[in-house]
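I have placed the structure first, in the form of structure tokens, so that the comments after it can refer back to it.
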2 protein chains.
Amino acid sequence: MYDTAIIGTGPAGMSAAINLKLHNKDIIWFGAQELSDKVRKSEKIANYPGMGLVTGEELNQRMEAHREEMELAITDRMVTNITKTKKGYMLLAENEIYEAKTLLLATGVITAKGFEGEAELLGRGVSYCATCDGFLYKEKNLAVFCAAPRYEHEVEYLAGIAGKVYLHTSYGESGIDLPNVERLDKPIRKILGEERVSGVELADGGERNVDGVFILRNAVAPATLLPGLAMDGAHIVVDRMQATNHPGCYAAGDCTGRPYQIAKAVGEGNVAAHSILEYLAEE
Amino acid sequence: MYDTAIIGTGPAGMSAAINLKLHNKDIIWFGAQELSDKVRKSEKIANYPGMGLVTGEELNQRMEAHREEMELAITDRMVTNITKTKKGYMLLAENEIYEAKTLLLATGVITAKGFEGEAELLGRGVSYCATCDGFLYKEKNLAVFCAAPRYEHEVEYLAGIAGKVYLHTSYGESGIDLPNVERLDKPIRKILGEERVSGVELADGGERNVDGVFILRNAVAPATLLPGLAMDGAHIVVDRMQATNHPGCYAAGDCTGRPYQIAKAVGEGNVAAHSILEYLAEE
């Protein structure tokens, strides 16, 4: 059982991971090896004190160098479900189970709204995890939304199981060239179905009949991840110590609200790590 | 009238100053040209994300380089009193008056307690400002507590007015060599007097009769600076947007509470700057 599970490799998760490692805590840190897409894609950053004017790419490289120096390992698996247990938290990430005494949500903010029908049909044809649920769709038809090239291997995995895959990506051309994968030019507007998923409606009004919809996005909305988490709109409610309404569960960075800023994120990650240290000491 | 007066040139003040300057606000920024003594004197800093393992001196130099790049000017005057006015805040700094619509307190935390009798006799013989009150003590005897070499010019100024100056420094040997300045080896333990200052008691029980006591410290306790400021012990009470109980007055960094960390300070300075931008936009 880990001391802490951190979800998110942006500046907030990084700040917390560094501090917990310095205090010799046993952590598991989920997220992208490339750290933060949002930092990397920033053209210029002028307000991270001490860095001067840098490109997002440069700052992300500095973060990566710091991670290496601290020998912090990243587990590049998508956490799709978290359950509160007696001892702490149980996390499901691509069919593996992890347990931790405390939890830090540093997932970033989900700026894109979910698809219409997504929340309603989750677990009834809608899935966030190809490795977990793909086997259910042998020879069946699927729609897949892919938000980043790093999820393309999951699309290929699904194509190996399913009869047909309708694919839409948020980033244009994909590297996937398989006979049973059909590219949708129009975005998915709505997930259709009553009891279970029956199809998807596209932005041009066209429909495709499918048995399942896989949504491969950078992050899952926090309240979907961890049921009962107190939210204020898209943001997790935290106090000044970054505590959420669940004991032992903290949140930091963009997911707790504006301003969406790197300095704010590292500050909150630092505070959350110190709160976690206190919580673990009291246990 | 300035948009914002920032007090403190540590990481919190720096973070706020950068952000307000980027938004073309007219700011006055009070504090030491050397930025943060606390950062500079840190042996090693490992948990400021993106910097790797650095010495405090290195990190302070990086902050200084960023300040220069942003062309941010520092006013090296000690603010000793702040008054709420209709339009904002009026600050007294070494006999000069400054006015600002909003205020950011980034003073650091006063870890040293005040002297016994200090608060009680403030304005009745106890002063924080040589330039302001020195002229009252022509040919009289003074005790002076000096917390940093950068205040020695104020001690020399007082010695030019007073009959005799009993000096204690918190840093050992001073550079002052004047016939009417006597070095006290023992620290001041208590400021004596009923209606007004009558003397000081030293740690060895010895006493010196003086008419005034000048305390030249890095920072004045926030509630002494700005009467009515809501405090929780030594810390200024703020909400998640860094707002204090006074409209238009914000606080950031160590002065708002633990953890006393650079990352936390830059995060809070960033959030405070964004709150100030919103406040100014609404005015």
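The values are calculated or read from the model by the stated rules, or taken from the named source; none is laboratory data. Remember, predicted model here, so these are calculated numbers, not experimental data. Please note: Cβ atoms are built from the backbone with ideal geometry, for glycine as well, and neighbour counts cover all protein chains shown. In case anyone asks, the SASA skips ligands and DNA or RNA and just uses the protein heavy atoms, side chains included. Shrake-Rupley method; radii C 1.70, N 1.55, O 1.52, S 1.80 Å.
So which residues in the stretch B:157-170 are assigned to a helix (DSSP H, G or I), touching a residue at least 24 places away in the same chain (Cβ under 8 Å) and closer than 15 Å to residue B:183 by Cα?
Taking the stretch B:157-170 and keeping what is assigned to a helix (DSSP H, G or I), we get B:157-159.
Retained after the next criterion (residues that are touching a residue at least 24 places away in the same chain (Cβ under 8 Å)): B:157-158.
B:158 - this is the single residue of the stretch B:157-170 that is assigned to a helix (DSSP H, G or I), touching a residue at least 24 places away in the same chain (Cβ under 8 Å) and closer than 15 Å to residue B:183 by Cα.
State yes or no: is residue A:281 small (Gly, Ala, Ser), more than 9 Å from chain B (Cβ to nearest Cβ) and surrounded by 24 or more Cβ atoms within 10 Å (Cβ to Cβ)?
no
What is the residue count in the stretch A:132-168 for residues that are among the small types (Gly, Ala, Ser) and within 17 Å of the chain's Cα centre (by Cα)?
2
Being farther than 30 Å from residue A:241 by Cα and crowded, with 18+ Cβ neighbours inside 10 Å narrows it down to one residue among B:225, B:202; which is it?
Details: B:225 fails: farther than 30 Å from residue A:241 by Cα.
Answer to the check: B:202.
Which residue pairs have Cβ atoms under 6 Å apart, sit 6 or more places apart or on different chains, and have a first residue in the stretch B:117-132 that is touching a residue at least 24 places away in the same chain (Cβ under 8 Å) and a second that is open to solvent by 60 Å² or more (accessible area, probe 1.4 Å) and among the polar types (S, T, N, Q)?
B:131/B:95; B:132/B:95
How many of the residues in the stretch A:258-283 are without any contact (Cβ under 8 Å) to a residue 60 or more places away in the chain and not in a helix (DSSP H, G or I)? Give the steps one after another, and end with the answer.
Start the filter on the stretch A:258-283 by keeping residues that are without any contact (Cβ under 8 Å) to a residue 60 or more places away in the chain, which leaves A:258-259, A:264, A:271, A:275, A:278, A:281-282.
Okay, now just the ones that are also not in a helix (DSSP H, G or I), so A:258-259.
Residues meeting the conditions: 2.
Among what's in the stretch B:233-259 and is polar (S, T, N, Q) and within 11 Å of another protein chain (Cβ to nearest Cβ), pick the residue that is surrounded by the fewest Cβ atoms within 10 Å (Cβ to Cβ).
Per the criteria, the residue is B:256.
Looking at this structure, is residue B:220 surrounded by 19 or more Cβ atoms within 10 Å (Cβ to Cβ), assigned to a loop (DSSP other than H, G, I, E, B) and more than 10 Å from every other protein chain (Cβ to nearest Cβ)?
Working: surrounded by 19 or more Cβ atoms within 10 Å (Cβ to Cβ): yes; assigned to a loop (DSSP other than H, G, I, E, B): yes; more than 10 Å from every other protein chain (Cβ to nearest Cβ): yes.
Criteria met by residue B:220.
Just to verify a result, which residue in the stretch A:25-54, among those that are in a loop (DSSP other than H, G, I, E, B), more than 10 Å from chain B (Cβ to nearest Cβ) and at pLDDT 95 or above, is farthest from residue B:49 (Cα to Cα)?
This residue is A:26.
Take the conditions polar (S, T, N, Q), under 26 Å from residue A:88 (Cβ atoms) and open to solvent by 30 Å² or more (accessible area, probe 1.4 Å) and apply them to residue A:270. Does it pass?
Considered against the rule, which asks whether it is polar (S, T, N, Q), under 26 Å from residue A:88 (Cβ atoms) and open to solvent by 30 Å² or more (accessible area, probe 1.4 Å), residue A:270 comes out as no.
Could you please find all residues in the stretch A:61-71 being assigned to a loop (DSSP other than H, G, I, E, B) and within 11 Å of chain B (Cβ to nearest Cβ)? Explain how you work it out, then say what you get.
The initial filter retains those residues of the stretch A:61-71 that are assigned to a loop (DSSP other than H, G, I, E, B), namely A:70-71.
Within the stretch A:61-71, just A:70 meets the criteria.
Conditions (1) part of a loop (DSSP other than H, G, I, E, B); (2) buried (at least 17 other Cβ atoms within 10 Å of the Cβ); (3) modelled with pLDDT of 95 or more, marked per residue:
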position: B:59; (1), (2), (3): no, yes, yes
position: B:73; (1), (2), (3): yes, no, yes
position: B:86; (1), (2), (3): yes, no, no
position: B:102; (1), (2), (3): no, yes, yes
position: B:120; (1), (2), (3): yes, no, no
position: B:124; (1), (2), (3): yes, no, no
position: B:142; (1), (2), (3): no, yes, yes
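Kindly provide the set of residues from the stretch A:13-36 that are open to solvent by less than 20 Å² (accessible area, probe 1.4 Å) and touching a strand residue (DSSP E or B) at 6+ places or on another chain (Cβ under 8 Å), ordered by number.
Correct list: A:13, A:16, A:17, A:20, A:28, A:29, A:30, A:31.
Can we say residue A:212 is open to solvent by less than 40 Å² (accessible area, probe 1.4 Å), in contact with a Lys or Arg (Cβ under 7 Å, 6 or more places away or on another chain) and touching a residue at least 60 places away in the same chain (Cβ under 8 Å)?
Judged against the criteria, residue A:212 is a match.
Scan (1) more than 16 Å from the chain's Cα centre (by Cα); (2) not in a loop (DSSP other than H, G, I, E, B) for the single condition residue A:255 breaks and write down its number.
Of (1) more than 16 Å from the chain's Cα centre (by Cα); (2) not in a loop (DSSP other than H, G, I, E, B), only one is false for residue A:255: (1).
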